[in-house]
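The values are calculated or read from the model by the stated rules, or taken from the named source; none is laboratory data. Keep in mind that this is a model prediction, so the values were computed, not measured. Note that we place each Cβ from the backbone using ideal geometry, even for glycine, and neighbour counts take in every protein chain shown. Each accessible area value is taken on the protein alone, full model and side chains, heavy atoms only, with ligands, DNA and RNA left out. Shrake-Rupley method; radii C 1.70, N 1.55, O 1.52, S 1.80 Å.
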Amino acid sequence: MPVNHSHTNANALEVRGIGKRFGGFWAVQDIDLTVRPGERRAILGPNGAGKTSLFNVLTGDTSATTGQITLFGDSVTREPINKRIQRGLRRTYQHAHLFNGLTVRDTLFLAVAGVRGGWRQVLPLRAGDDRLAEAERLAEVAGVADVLDRETSELSHGQRRQLEIGIALAEKPKILLLDEPAAGLSPAERPKLSALLMSLPKDVTVVLIEHDMDIALQTSESVSVLYNGRMLAEGSPDDIMRNEDVHRVYIGGAHGH
Amino acid sequence: MRPALILIPLLALPLVLNDFWLTQVATRSLILGIMALSLSFLATYLGVVSFAQATMAGIAGYTIAYFGPNSVGIGVQLPFWISIPLALMLAVVSGGLIGLIARRSRGIYAIMITLAIGVAFFYFTRQNYTLFNGWTGFSGVRAPEIGGLSLRDPLALYLLSLGTAVLALALVSGFVRSPLGLTIQAVRDAPGRVLALGISVTTPIVAAFAFSGLLAGAGGILNVWYQERISSFSVGLGPIIDILIVAVIGGLRHPAGAFVGAVVFVLLDTFAVDLIDRERFNTLIGVVLLLIVIVAPGGLQQLASDWVARLRRPEVKEKSTV
Ligand SMILES: Nc1ncnc2c1ncn2[C@@H]1O[C@H](COP(=O)(O)OP(=O)(O)O)[C@@H](O)[C@H]1O
Ligand SMILES: [Mg+2]
């Protein structure tokens, strides 16, 4: 059963004092972050800044060393990843690790089954199973409908990235964490991705890690900048573009990716 | 390949084979193939090599021996329509339990754990007399009779084994397309990602082992009828390794390969012993295994289907598969 008692005026995501330590090394430290429902937030930062580590803690892929995470008013700091997914939290991974032996259709089917959870997961497939229809809809949205019956190991890099997004969109997410969805895409594929991000329903909250400034600024209304595991600056895209610190550590020093 | 092309000759086989060939070669291959199928299913779809399949088969076999007619005077007589489902159920439960124990292990660690379970069960059967009758086990186990016809009759046992093999393959191909079967394959490819989709990883692993227990159990029941006895030697290292060899010869990438492997193994086992002595048989099977691992790591089944594919369309050999 999805847990859906969201509080009407609660923030989509509230993060207080989050830290993640690997051995003696703090990958992220003392992070505060507040994201309103429906907000489009970009997270910038040079490689190794801790962006992916922060996502891992937010989703429950790894546990937080310190701090509190609240999703739509409910504390989820100690909750396993599957519970958070059923609350409407989804993510994509920077380095896609998909099911190589499964087709696109079956992968998307599992994404839907995972969100719905429960005993239905084990029932045999029947023609007209609405989870199959949902999988096909996701393929359509993510632009992989033409390769529905290919094994994911046969997909191009761009198609794998699109499939990642399709997985994350299963069953109407409420908050999407996208980890460099445009990484490795050709210049021709990038506008397609922007268009896909822009076409997401307005009530979906999106937190986007993105190196591509065009995509980041075009699709986001607010920006947080991470540096050495700490929050360096927050503000509107314009604020961030003018921020001296940000220029020094990131924009000035960024050599592409 | 169309199933009928294979099935019709197999159904006609009793017309051309004498009892020795039918029972010692054909039926034995089918039974060994079903047990090896339980392993190649796990290896192909869960990506785990289990050494505990002989244990699951043995649990079903011992159940049949204990609850059926035998000549050692141990056990309780139950009608076969109770003892057979009971044997299958215990094999499924033992498979599930073994899966639960091995659920966090992969690769060499899964092999070690399942091997430890298999060996522990072997020693347990040797030491326990009330249920397993120690190392001598059960002899004089008789297959059920239906309308005066014993299922141990060569033709009946052959057809029963063939039917079970076909059913087992059909079950596997249906199961792997079910949501649970898809989840099992997803666990094989990326277990962390399965969890990240919100799906439990333990359930598919336990289910895969339990399902393999069903297959192994079916093979174990047929085997105890075929051998007419079961003892600690039926669940020892010998059978554990035989099942592995059969599955590897056939190829761990396609479940049907188990039957190809079983035929090769049984032919070698039956006839090579006449030509060379027993000691050298192990060397021979070792060499065959080595050749297969080197020449055809996908097993004989894979080798054959590659040839068939090449013969069918030599002109598209260069092109990638689309
Ligand atoms: N599992 C891990 N174990 C040890 N160090 C890690 C681990 N994951 C990330 N790190 C380290 O944490 C830092 C932040 O990494 P990451 O979050 O991937 O950065 P970003 O996504 O911003 O490029 C890096 O120095 C990285 O080496
Ligand atoms: Mg990263």
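How do B:117-123, B:151-157 rank on mean C-beta neighbours within 10 Å, highest first?
B:117-123, B:151-157
Taking the dipole about the Cα centre of the stretch B:3-234, with the C-beta of Lys and Arg at +1 and of Asp and Glu at -1, give me whichever of B:Phe67, B:Val187, B:Pro154 is farthest to the positive side.
Checking the options against the dipole of the stretch B:3-234, the answer is B:Val187.
Measure out, as a whole number of angstrom, how far apart the alpha-carbon centroids of the stretch B:1-50 and the stretch B:263-305 sit.
16 Å
Placing unit charges on C-beta atoms (Lys and Arg positive, Asp and Glu negative, everything else neutral), compute the dipole magnitude of the protein assembly as shown about its Cα centre in debye, rounded to 20. Show your work: numbers first, answer last.
Details: 50 positive and 45 negative charges, 116 e Å.
Once rounded to the nearest 20, the dipole reads 560 debye.
Counting only C-alpha contacts under 8 Å and six or more residues apart, can you give the relative contact order of chain A as a whole percent?
25 percent
Please compute, for peptide B:194-206, the average count of beta-carbon atoms on other protein chains lying within 10 Å of each residue's beta-carbon. Walk me through the intermediate numbers first.
Values: counts 4, 7, 13, 15, 20, 9, 5, 0, 0, 2, 2, 0, 0.
Shielding by partners across B:194-206 averages 6.
Accessible area per residue for the protein assembly as shown in Å², computed with a 1.4 Å probe and the full protein assembly in place, what is it? Numbers along the way, then the final one.
On the way: 26340 Å² over 579 residues.
Counting only protein heavy atoms, the per-residue value for the protein assembly as shown is 45 Å².
Can you work out ³J(HN,Hα) from phi for every residue in the stretch B:26-34, in order, using Karplus 6.51 cos²θ - 1.76 cosθ + 1.60 and θ = phi - 60°, giving whole Hz and x for Gly and Pro?
5, 5, 4, 4, 4, 5, 4, x, 5
Ignoring ligands, DNA and RNA, please state the percent of accessible area on the stretch B:3-234 from carbon and sulfur, probe 1.4 Å.
Working: 6660 of 9430 Å².
Carbon and sulfur: 71 percent of the exposed surface of the stretch B:3-234.
Hey, with R₀ at 25 Å, roughly what FRET efficiency would B:Ala272 and B:Ile6 work out to, going by the Cβ-Cβ distance, to 0.05?
Values: r = 26 Å, r/R0 = 1.03.
The pair B:Ala272/B:Ile6 has a calculated efficiency of 0.45.
Taking every residue in A:96-107, how many Cβ atoms of other protein chains lie within 10 Å of its Cβ, on average?
Values: counts 2, 5, 4, 11, 5, 9, 7, 1, 0, 1, 7, 5.
Per residue, the average neighbour count from other chains is 5.
What residue among B:Arg253, B:Arg310, B:Arg193 shows peak mean-square fluctuation when chain B is described by a Gaussian network model with Cα springs under 10 Å?
Maximum fluctuation in the GNM of chain B, among the listed residues, is at B:Arg310.
Beta carbons within 10 angstrom, averaged per residue: use that to sort the peptides B:69-76, B:179-186, highest first.
Details: B:69-76: 14.6, B:179-186: 23.9.
Most protected by this proxy first, the peptides run B:179-186, B:69-76.
Would you mind calculating the relative contact order of the stretch B:3-234 from Cα pairs under 8 angstrom and at least 6 residues apart, reporting the percent as a whole number? Display every interim value, and only then the final one.
On the way: 357 pairs, mean separation 87.7, N = 232.
This gives 38 percent for the stretch B:3-234.
Between B:Arg253 and A:Asn100, with labels modelled 7 Å along Cα→Cβ, what's the label distance in nm to one decimal, could you check?
Label at B:Arg253, label at A:Asn100, 1.2 nm between them.
What distance in nm separates the simple spin-label points at B:Asn18 and B:Arg104, each placed 7 Å from Cα in the Cβ direction?
Label at B:Asn18, label at B:Arg104, 5.8 nm between them.
Determine the alpha carbon to alpha carbon distance for each of A:Lys20/A:Lys83; A:Lys20/A:Lys172; A:Lys172/A:Lys202; A:Lys83/A:Lys174; A:Lys83/A:Lys192 and list only those over 23 Å. Present the calculation step by step, with values, prior to reporting the outcome.
Working: A:Lys20/A:Lys83 21 Å; A:Lys20/A:Lys172 29 Å; A:Lys172/A:Lys202 12 Å; A:Lys83/A:Lys174 14 Å; A:Lys83/A:Lys192 32 Å.
A:Lys20/A:Lys172; A:Lys83/A:Lys192, as the Cα separations exceed 23 Å there.
What distance in nm separates the simple spin-label points at A:Met241 and A:Ala145, each placed 7 Å from Cα in the Cβ direction?
For the pair A:Met241/A:Ala145, the computed spacing is 3.6 nm.
To the nearest 0.05, what FRET efficiency results for A:Gln68 and A:Asn228 with a Förster distance of 30 Å applied to their C-beta separation?
In this case the efficiency is close to 0.85.
Dipole size in debye (nearest 20) for chain A around its Cα centre, Lys and Arg Cβ +1, Asp and Glu Cβ -1? Let's see the in-between values first.
Working: 30 positive and 32 negative charges, 131 e Å.
Computed charge dipole of chain A: roughly 620 debye.
Using C-alpha positions alone, give me the convex hull volume of the protein assembly as shown per residue in cubic angstrom. Walk me through the numbers before you get to the answer.
Numbers: hull volume 114.9 nm³, N = 579.
Once divided by residue count, the hull of the protein assembly as shown is 198 Å³.
Show me B:86-95, B:292-301, B:6-15, A:69-78 ranked by packing, highest mean number of other Cβ atoms within 10 Å first. Let's see the in-between values first.
Values: B:86-95: 21.8, B:292-301: 16.3, B:6-15: 12.4, A:69-78: 18.0.
Ranking the peptides B:86-95, B:292-301, B:6-15, A:69-78 by packing returns B:86-95, A:69-78, B:292-301, B:6-15.
Using only protein heavy atoms and a 1.4 angstrom probe, determine the accessible area buried between A and B, summed over both sides, in Å² to the nearest 100.
Details: alone 12240 and 16030 Å², together 26340 Å².
That pair of chains buries around 1900 Å² in total.
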